[in-house]
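The values are calculated or read from the model by the stated rules, or taken from the named source; none is laboratory data. Bear in mind the structure is a predicted one, so any value in this text is a computation, not a measurement. Cβ placement follows ideal geometry from the backbone for every residue including glycine, while neighbour counts extend to all protein chains displayed. Surface accessibility is based on the protein's heavy atoms, side chains included, excluding ligands, DNA and RNA. Shrake-Rupley method; radii C 1.70, N 1.55, O 1.52, S 1.80 Å.
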Amino acid sequence: MVVSSGYCAAQRRHQGEATVGARSGRNARGLLAGLLIAALVSLACAGGGLAEPDGERPAPQASQAAPGANTTRADSTTSVAEFKQDVADAQAIAERYWAAQFKASAQRFQPIRRITPYQRSGEVSCGGQPLPRNNAVYCSQGDFIAYDVAWSVGAFRQVGDAFVFYLLGHEYAHGIQVRLGINYSFTIQQELQADCMAGAYLGDSVRSEALTLADGDLDEFRDGLAAVGDDPDQPWFAEGSHGTAEQRTDSFFRGYERSLEACDLG
Ligand SMILES: [Zn+2]
């Protein structure tokens, strides 16, 4: 994922991209320990405006998957600094993207207030509810995104840099839903729309050349989305449902290819 000039650290990103792309292309397939990633996004999603970390999958699943991640990427040199830069880049591009969308509708845009990494359980709370480890969430009460940094870096190393842009885009979309007053009856509607909006933010940013995909980035999206689907047994209407792998992939790429018109924003 290359961030074009005009965005922060563009030079450094251009320097590093060959490595990232090569890594993605070579290793994107077959490396996913689906458990970690499934836990990542199932826990990552706050149920949209409800802003409660959904806990339908227990955090220990992610811990159990972590050693697998270490094994598969033992030779990885992907640094925490690079991860943090990707988060910052994804945030900057999301802010510019949504500011432009709101401006086009003659609406004032307030960026999400902050993006907060945390390391310990309970270090950050959302609406009085302490956030556990192995989690990421958009919290509407405080209008912020928070994520367990060690856990998120693990997913970054496992899937690739494109997944960081997807994850940030998805959580950011929940903040946009709140701004637009969108509050569906079922969690799955809120989540699939956030996937579509994340796709639109990324597809439009590629089309405007704010972002350039490296080899393997599309595979990272596909493989990441394929791994984050709900259990086939999970009822679609259950609180905390996000959609099957197929539904999530379809929603993301509908937005990616056709922009926000595909996302039922009304
Ligand atoms: Zn979500």
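The set of residues in the stretch 186-216 that are out of contact with any strand residue (DSSP E or B) (no Cβ under 9 Å at 6 or more places or on another chain), farther than 20 Å from Lys103 by Cα and away from the ligand (no atom under 16 Å from the Cβ) comprises Asp215, Gly216. Among the residues of this structure, Asp250 counts as one that is open to solvent by 10 Å² or more (accessible area, probe 1.4 Å), farther than 22 Å from Ala146 by Cβ and away from the ligand (no atom under 11 Å from the Cβ). Looking across the stretch 171-221, the residues that are open to solvent by 20 Å² or more (accessible area, probe 1.4 Å) and outside any helix (DSSP H, G or I) come down to Gly181, Ile182, Asn183, Tyr184, Ser185, Phe186, Ser208, Glu209, Thr212, Leu213, Asp215. Scanning the stretch 242-265 for residues that are touching a residue at least 60 places away in the same chain (Cβ under 8 Å) and of a type in the set (Gly, Ala, Ser) gives Gly255, Ala262.
Taken over the stretch 223-232, the criterion of being part of a helix (DSSP H, G or I) and touching a Lys or Arg at 6+ places or on another chain (Cβ under 9 Å) is satisfied by Asp223, Leu225, Ala226. A Cβ distance below 7 Å, combined with a sequence gap of six or more or placement on separate chains, defines the contacts here; from the stretch 211-240, residues that are more than 17 Å from Ala194 (Cβ to Cβ) reach residues that are among the acidic types (Asp, Glu) in the pairs Ala214/Glu17. Inspect the stretch 121-139 for any residue being open to solvent by less than 10 Å² (accessible area, probe 1.4 Å), within 16 Å of the ligand (Cβ to nearest atom), at pLDDT 95 or above and in contact with a helix residue (DSSP H, G or I) (Cβ under 8 Å, 6 or more places away or on another chain) and give the result as yes or no. Checked the stretch 121-139: at least one residue is open to solvent by less than 10 Å² (accessible area, probe 1.4 Å), within 16 Å of the ligand (Cβ to nearest atom), at pLDDT 95 or above and in contact with a helix residue (DSSP H, G or I) (Cβ under 8 Å, 6 or more places away or on another chain). The residues listed here are Ala92, Ala65, Ala99; of these, the one that is surrounded by 14 or more Cβ atoms within 10 Å (Cβ to Cβ), at negative phi, assigned to a helix (DSSP H, G or I) and at pLDDT below 95 is Ala65.
Is it the case, given these coordinates, that Gly142 is at pLDDT 95 or above and either under 30 Å from Asp215 (Cβ atoms) or part of a loop (DSSP other than H, G, I, E, B) (or both)? Explain how you work it out, then say what you get.
Details: at pLDDT 95 or above: yes; either under 30 Å from Asp215 (Cβ atoms) or part of a loop (DSSP other than H, G, I, E, B) (or both): yes.
When the stated conditions are applied, Gly142 passes them.
This table checks each residue for (1) over 29 Å from Ala214 (Cβ atoms); (2) more than 16 Å from the ligand (Cβ to nearest atom); (3) touching a helix residue (DSSP H, G or I) at 6+ places or on another chain (Cβ under 9 Å).
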| site | (1), (2), (3) |
| --- | --- |
| Val80 | no, yes, yes |
| Lys84 | no, yes, yes |
| Gln91 | no, yes, yes |
| Arg96 | no, yes, yes |
| Thr116 | no, yes, no |
| Ser152 | no, no, yes |
| Tyr172 | no, no, yes |
| Tyr184 | yes, no, yes |
